[in-house]
1. May I ask you to list the residues in the stretch B:20-37 that are among the aliphatic types (A, V, I, L, M) and either within 22 Å of A:Asp117 (Cβ to Cβ) or loosely packed, with under 13 Cβ neighbours inside 10 Å (or both)?
2. Restricting attention to helices (runs of 4 or more DSSP H) lying wholly within the stretch A:96-200, give those where 3 or more residues are under 13 Å from the mean Cα position of the chain (by Cα).
3. Is it the case, given these coordinates, that B:Gln49 is touching a helix residue (DSSP H, G or I) at 6+ places or on another chain (Cβ under 9 Å), modelled with pLDDT under 95 and among the polar types (S, T, N, Q)?
4. Which number in (1) farther than 23 Å from A:Met171 by Cβ; (2) within 15 Å of the chain's Cα centre (by Cα) marks the one condition that A:Ala73 misses?
5. Just give me the residues in the stretch B:72-92 being in a helix (DSSP H, G or I) and over 18 Å from B:Ala180 (Cβ atoms), in sequence order.
6. Could you list, in sequence order, the residues of the stretch B:64-89 that are in contact (Cβ under 8 Å) with a residue 12 or more places away in the chain and farther than 13 Å from B:Thr139 by Cβ?
7. Quickly run through the stretch A:159-195 and pick out the residues that are more than 8 Å from chain B (Cβ to nearest Cβ) and not hydrophobic (A, V, I, L, M, F, W, C).
8. Quick one: which residue in B:Ser47, B:Ser12, B:Ser40 is closer than 23 Å to A:Ala116 by Cα and out of contact with any Cys (no Cβ under 6 Å at 6 or more places or on another chain)?
2 protein chains.
Amino acid sequence: MEATTRDRIVRSAAKLFLTRSYNAVGIADLCAAADVRKGSFYHFFPSKQELTLAAVDAHWTEQRAAWAATLSAPRPALDRLRQLLIDTAASYRQARDRSGTLHGCVLANLALELSADDTLVRARLQEIFADQVALIGATLADAAAEDAIAPAIANPVTARAIVAQLEGMVMFAKIDNDPAPLDDLWAHTRLLLGLRPVLT
Amino acid sequence: MEATTRDRIVRSAAKLFLTRSYNAVGIADLCAAADVRKGSFYHFFPSKQELTLAAVDAHWTEQRAAWAATLSAPRPALDRLRQLLIDTAASYRQARDRSGTLHGCVLANLALELSADDTLVRARLQEIFADQVALIGATLADAAAEDAIAPAIANPVTARAIVAQLEGMVMFAKIDNDPAPLDDLWAHTRLLLGLRPVLT
């Protein structure tokens, strides 16, 4: 039972942080959304920061499993990367169609909203984005081994540029409340990999 | 005098939103930072939203002037674009060295923090980012006219990818509290423009 209550608090927190932002959400809101009393909340989480770490971890654990599955499929490396970007656009489109609003990426939202003083959560976000870069980087190494891209470009700096392009486009999609900018991700990723533009 | 008080409120608001985030800052904080009474505050700004619009406008007016100056210098178009990215990295580096903290871009921070329900501020941010894309886009058109890039790539979609790359790298710089990722902007922008990698 304890696991279920804790999990309910974590899940509703991640949702509230995404839809209303971190600082707009108080402990009372978090308790109401999870349908728990304050005592129960504090039993699991001594502070909002502890809860945020748990919410961030839960979000990335789930997202990471999806990334890892797509990026380890038995297909050429660049096809896997392309699929990841297509799936990303599709998932934002689906979320927008369901709720009417494109709220963006909770990890990037927290990264830009949280004060730099919140070193604990920032350190965790740093690890998560480093993990994203490492997952993309491993796929680039596979692509180089398959002679699909130049070995010199299959490095962490290029992998970071691909994640930066993704998060930057999510920002445009959020501002426009329209996932369309995310449909350009593969074309721009090809360019960042030194490949020829896709002819459309 | 009125102009000065109003201006002081706007400037200290932009600074507080940047260093502490939008929702963490209340009217009392804004009054204290600008050294004005609540009555005076409400005389100029009926709501926090009105103030936010003014702060966002003031920030972009200043930043836009710098962008326009750099992008209209009597130099080849790609040199102007490269200079803009170098200046951007330098300005984040300077701010970090001065305060010890890299707070990022107030426009992107607000874009990701503000709830999608705040349609007024979101619409203004949308206009500002469209303006950024247009400024970069005009420079790409110049570059194509100079035969420095392919005409087919000198379009708004590429210009948006350059701004997305920039904001994505500012996110990494903020998470790392280190401007180093911004030093890669020109190399990645060259790739997004279909040019060969810079040999270093």
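The values are calculated or read from the model by the stated rules, or taken from the named source; none is laboratory data. Just so it is clear, the structure is predicted and the values come from calculations on it, not from any experiment. Neighbour counts are summed over all protein chains in view; Cβ atoms, including those assigned to glycine, are modelled from backbone coordinates with ideal geometry.
1. Initial filter on the stretch B:20-37 (among the aliphatic types (A, V, I, L, M)): B:24-25, B:27-28, B:30, B:32-34, B:36.
If the condition is that a residue be among the aliphatic types (A, V, I, L, M) and either within 22 Å of A:Asp117 (Cβ to Cβ) or loosely packed, with under 13 Cβ neighbours inside 10 Å (or both), then B:Ala24, B:Val25, B:Ile27, B:Ala28, B:Leu30, B:Ala32, B:Ala33, B:Ala34 are the ones that fit.
2. Numbers: elements: A:106-113, A:119-145, A:156-176, A:185-192.
Of the helices (runs of 4 or more DSSP H) lying wholly inside the stretch A:96-200, those with at least 3 residues that are under 13 Å from the mean Cα position of the chain (by Cα) span A:106-113, A:119-145, A:156-176.
3. Numbers: touching a helix residue (DSSP H, G or I) at 6+ places or on another chain (Cβ under 9 Å): yes; modelled with pLDDT under 95: yes; among the polar types (S, T, N, Q): yes.
Yes.
4. Condition not satisfied by A:Ala73: (2).
5. Start the filter on the stretch B:72-92 by keeping residues that are in a helix (DSSP H, G or I), which leaves B:77-92.
Those that are in a helix (DSSP H, G or I) and over 18 Å from B:Ala180 (Cβ atoms): B:Ala77, B:Leu78, B:Asp79, B:Arg80, B:Leu81, B:Gln83, B:Leu84.
6. Here is the first cut: in the stretch B:64-89, the ones in contact (Cβ under 8 Å) with a residue 12 or more places away in the chain are B:64, B:66-68, B:70-71, B:76-78, B:80-89.
Passing the criteria: B:Arg64, B:Ala66, B:Ile86, B:Asp87, B:Thr88, B:Ala89.
7. Within the stretch A:159-195, A:Asp178, A:Pro179, A:Asp183, A:Thr189, A:Arg190 meet the criteria.
8. Numbers: B:Ser47 fails: closer than 23 Å to A:Ala116 by Cα; B:Ser40 fails: closer than 23 Å to A:Ala116 by Cα.
Only one candidate passes the filter, namely B:Ser12.
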